[in-house]
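The structure appears right after this line, and notes come after that.
What follows is calculated from the coordinates using simple rules that are stated; it is not laboratory data. Since the model is a prediction, treat every value here as computed from it, not as a measurement. Every residue, glycine as well, gets a Cβ built from its backbone with ideal geometry; the counts of neighbours run over all protein chains shown.
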Amino acid sequence: MKFQRAYGPPPRDLLVFHNVARALTAQLDLDSVLHAIMGQMEQYFEPEQWSLLIMDEPRQELFYAVVVGHKEADLRDVRVKVGQGLAGWVALHGETLIVPEAEDQQRPEEPGRRFRIRSAICMPLIFRQKVLGVIQLFNCRVETLGDETISFLHLLCDYAAIAIENARAVERIQELTVTDDCTGLYNQRHLYRMLEKAREHARETGKHFSVIFIDLDYFKRVNDEHGHLVGSRLLAEFGQALRCEVRACDAVFRYGGDEFIVLLHERGREEAEEVARQLHRSLRDRVFGESSKLELKIHASYGVATWPEDGEQPHELIHRADDAMYRVKGSTRDGVAVGLREASGCV
């Protein structure tokens, strides 16, 4: 018996599954995964406009992660409360919502959208009984879609939910490799990576950057008098306070023990000195340890160094900032020193 090999294009559904599976195995970045999945849905269902919203669980809101057929900038800052609009209803109930071709007076309104919605398919992305997001397809001839097609869309949504959860797991693993367990700040390993990137950016733009080396004064007394558990809590509290005092574009690291480093992007020597003095004033007046029924003031010594004046290489820059900090330690403590200048005391 002879067997003849069958040639020809694969069924459309199978081809979409193949392309989605390939996208999921090729990408680990969440944004790339989402765009790959939605690109396949766009080719299959041909909606006029569509979007994928991700759940922000702490705030119980949805935000637009992918938008096509609409100005993405218009929806970048739009938040949809759970229960609000089509997507909010789907997120609240965890059920698919299909709105067929409707008359003008029956047409749904969507937060932040200004286009004419004739029909809509909104489906939840559910993983382990938790809604991760919502997919919306607008104006795609709902009346022509049969039960098999809708079931196929549900399967694609399952793929999307798994992809989102997997990508988030990868992000969490990556975060663990760059963050300090005690404070939640970046760790020393990540510091040198970011310094290299900051140096590349500075060379391209011609703008300087600076680092502030911070060492807490007499912190050993806290551990001796109150125990290391309280000491760890205070380190975490100080680190988060430090994080809140600088810009979102800057980075804060726990260098080791009771030492911290702040990376100030596009800040020259004078600006960095001003930031260091502001941190010194603000943090020395703050009360820490209230959760442990303590009311403690934490003082620190600050050293500032700027690229490239104080060092071309990252390790040179850290060494110079460390030297400046130790000049404070060796004189007044609780003060600021900049580059090769003499240390200055309390301000």
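Work out how much length ASP323 to ARG281 would gain on full extension: take 0.36 nm times their residue separation and subtract the Cα-Cα distance, in nm to one decimal.
Values: separation 42, 0.36 × 42 = 15.12 nm, distance 2.11 nm.
Result: 13.0 nm gained on full extension.
Express in nm, to one decimal, how much length is gained between THR177 and SER331 on full extension, taking 0.36 nm for each residue of separation and deducting their alpha carbon distance.
In short, 51.7 nm is gained.
How far is it, in nm, from the label point at HIS154 to the one at ARG203 when both lie 7 Å from their Cα along the line to the Cβ?
5.6 nm
List the residues whose amide H sits under 5 Å from the amide H of ASP334, counting only those 5 or more places along or on another chain, with H placed 1.01 Å from N in the peptide plane.
Distant-sequence amide H within range of ASP334: ALA300, SER301.
Which FRET efficiency value, to the nearest 0.05, is calculated for HIS299 and GLU270 with the Förster distance at 22 angstrom and r the Cβ-Cβ distance?
FRET efficiency, HIS299 to GLU270: 0.35.
What FRET efficiency do you get for GLN240 and ASP147 if R0 is 51 Å and r is their Cβ-Cβ distance, rounded to the nearest 0.05?
0.45
Obtain the nm distance between the two label points defined at ASP56 and GLN188 by a simple spin-label model: each point lies 7 Å from its Cα along the Cα-to-C-beta direction.
Spacing of the two 7 Å Cα→Cβ label points: 3.6 nm.
Can you give me the long-range amide H partners of LYS81? Hydrogens built in the peptide plane at 1.01 Å from N, cutoff under 5 Å, separation of 5 or more residues or another chain.
Here the answer is LEU62, since their amide H atoms fall under 5 Å of that of LYS81.
Net charge within 15 Å of ASP285 by Cβ-Cβ distance, Lys/Arg positive one each and Asp/Glu negative one each, not counting ASP285 itself?
Local charge sum for ASP285: -1.
Per 0.36 nm of contour for each residue apart, how much would the distance between ARG79 and ASP31 grow if the chain were fully extended, relative to their Cα-Cα spacing?
Fully extending the segment from ARG79 to ASP31 adds 15.5 nm.
Run the quick spin-label model on GLU165 and ASP224: label points 7 Å from Cα toward the beta carbon, then report their separation in nm to one decimal.
5.2 nm
Considering amide H positions built from the backbone, and no H for Pro or chain starts, which residues 5 or more places from TYR255, or on another chain, come under 5 Å of its amide H?
Here the answer is PHE260, ILE261, since their amide H atoms fall under 5 Å of that of TYR255.
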